[in-house]
1. Please tell me the relative contact order of the chain in percent, rounded to the nearest whole number, where contacts are Cα pairs under 8 Å and at least six residues apart.
2. Calculate, for His63 and Glu96, the FRET efficiency according to 1/(1 + (r/R0)^6) with r their C-beta to C-beta distance and R0 22 Å; round to the nearest 0.05.
3. At q = 0.14, 0.21, 0.23, 0.24 Å⁻¹, what base-10 log of I(q)/I(0) does the Debye formula yield for region 122-169 when every alpha carbon is treated as an equal point scatterer in vacuo?
4. What is the gain in length, in nm to one decimal, between Ser41 and Asp164 on full extension, counting 0.36 nm per residue of separation less the C-alpha to C-alpha distance?
5. Cut-off under 23 Å on the C-alpha distance; same-chain residues fewer than 8 positions from Lys140 excluded. Which lysines are left, in chain and number order?
6. All other residues with a Cβ under 12 Å from the Cβ of Lys110 taken together, and with Lys, Arg as +1 and Asp, Glu as -1, what is their net charge?
7. Given the DSSP H assignment, sum -39500 (n - 2.57) over each helix run of at least 4 residues in the chain and divide by its residue total; what's the result at 222 nm in deg cm²/dmol, nearest 500?
8. Consider a paramagnetic label point 7 Å from the Cα of Thr30 along Cα→Cβ; state which residues of region 94-134 have an amide N under 20 Å from it.
Amino acid sequence: MVEIHTLSAADFKHTMKSNDLYDCNIEQRTDVAVISIANSSEDSEPDDIFANGPSSRWFRQRHRNVLNLIFDDVSASGTEPLAGSSDGDGYVIFDERMACEIAAFVDANKDVAVWIVHCSAGVSRSGAVSRWLKDRLEFKYGIEANNVDGRHAVPNAHVLKVLDRVLYL
């Protein structure tokens with residue numbers, strides 16, 4: 001059974017350190033895939049263990065088993081935003097292009113045993129992606145998956161809605 005871990009930024013960083021996972025060796029781990037979700041704004045203190053903006057990326061290089069995304073924990077208001085656009089307050093809103101990027105990443109890594117999905121708190125954005133990931137693996141590939149530590153997740157409804165549009169593609 002596939003394990004899906006939904007983590008906060010602090011838990012994610014602790015997990016990466018504890019398992020000795022870095023840019024130099026992550027691709028050697030064929031059993032692990034990571035979806036890392038950062039805020040669009042820079043962290044005021046990028047070395048803070050709780051920091052979760054673009055400047056605090058754990059994996060700074062591209063890897064076949066790591067997907068770095070940047071979008072904020074907001075929902076679209078009114079009409080759907082353009083791909084990767086921001087709302088009036090400058091936040092980056094999750095869109096269909098990002099959903100397709102996640103779907104392609106999951107499809108390319110469908111055979112891994114452990115998925116790690118994180119955002120700042122490990123509740124809303126990562127909760128939505130983790131829930132959708134479980135559904136994608138089960139419905140598209142018949143792979144049984146378990147959301148191991150997502151019990152406190154309250155998925156962002158907008159993120160889940162957009163992801164559900166590409167569930168069966």
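The values are calculated or read from the model by the stated rules, or taken from the named source; none is laboratory data. Just so we're clear, the structure is a prediction, and the values are computed from it rather than from any experiment. Methodologically, a virtual Cβ is constructed for each residue, glycine included, from the backbone with ideal geometry; neighbour enumeration extends over all protein chains shown. Only protein heavy atoms, including side chains, enter the accessible area calculation; ligands, DNA and RNA are left aside. Shrake-Rupley method; radii C 1.70, N 1.55, O 1.52, S 1.80 Å.
1. After rounding, I find 34 percent.
2. 0.40
3. So the normalised log intensities work out to -0.31, -0.67, -0.78, -0.83.
4. 41.6 nm
5. Qualifying lysines at Cα under 23 Å: Lys110, Lys161.
6. Spelling it out: positives minus negatives among the neighbours equals -1.
7. It comes out at -9000 deg cm²/dmol, rounded to the nearest 500.
8. Residues passing the 20 Å test: 105-116.
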